[in-house]
Amino acid sequence: MNNDMLVLQTLAPKVINKSPRNFIEPVTVEYSATRKTKITFALFGSWSIQMPPYGLARLVALTRASGYSTQVYDFNVQSYYDLKAEDPELAGAYEVANYWWWEEPYYSQKIFPVYQHLLQEYVDKILGDEPDIVGLSVYYTNILSTTWVVNEIKRRSPQTTIIFGGPQCNEGHFEKPDNVDYYFMGAVSYTHLR
């Protein structure tokens, strides 16, 4: 077993149970923003906290490399910790077997009343960046929270362009919400960003 695997097996179980702010330092990458368009990407709950949003990471790398000022937020992981802190009964909201908690009517009755003020804080953070474009990853389990965020962004900043991407957009029954300007089906390649 190499040293990396030994460290992972030793630390991973301990790390999963701690708030990310207690042990993670931000990663800073120097890039030169040469274009005027400002982009913010975000992911909202609920999605697995053990699966980083690779698609968003790739898009951020591509847009920054193309000269766009780009911010990214994994509000999904933040939501996991914030919801548990707000209401310990919601600690199970991120368990795979409880995916249905993120569907109606349970979502509106149990999760949204606790989640709404957190979503509002996340919207404040996004709009604080003054983005021209907000790109959001959508999954079956986060479509309700993400749609609420879109409506709030459009209410407060109607000129902001909203783009959806992710697996939910590829479903045959997907219908673009009214306040979403564009959505992408399939992977975005570097050539789309030139």
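The values are calculated or read from the model by the stated rules, or taken from the named source; none is laboratory data. Please read these numbers as outputs of a predicted model, since none were measured by experiment. Reconstructed Cβ throughout: ideal geometry from the backbone, glycine too, with neighbour counts over all protein chains shown. When the accessible area is computed, the model is the full protein with side chains, heavy atoms only, and any ligands, DNA or RNA have been set aside. Shrake-Rupley method; radii C 1.70, N 1.55, O 1.52, S 1.80 Å.
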State to the nearest 20 debye the size of the charge dipole of the range 26-178 about its Cα centre, where the only charges are +1 on K and R beta carbons and -1 on D and E beta carbons.
620 debye
I'd like the accessible area for R156: 1.4 Å probe, protein heavy atoms, all chains in place, Å² to the nearest 10.
100 Å²
Among the listed pairs K38/K84; K38/K125; K125/K154; K110/K176; K84/K125, those beyond 24 Å (Cα-Cα)
K38/K84; K110/K176
Determine the per residue accessible area of the range 51-194 with all protein chains present and a 1.4 angstrom probe, expressed in square angstrom.
52 Å²
Straight-distance crosslink candidates among aspartates and glutamates, where the alpha carbon sits under 17 Å from K36 and sequence neighbours closer than 8 are dropped:
D129, E130, D132
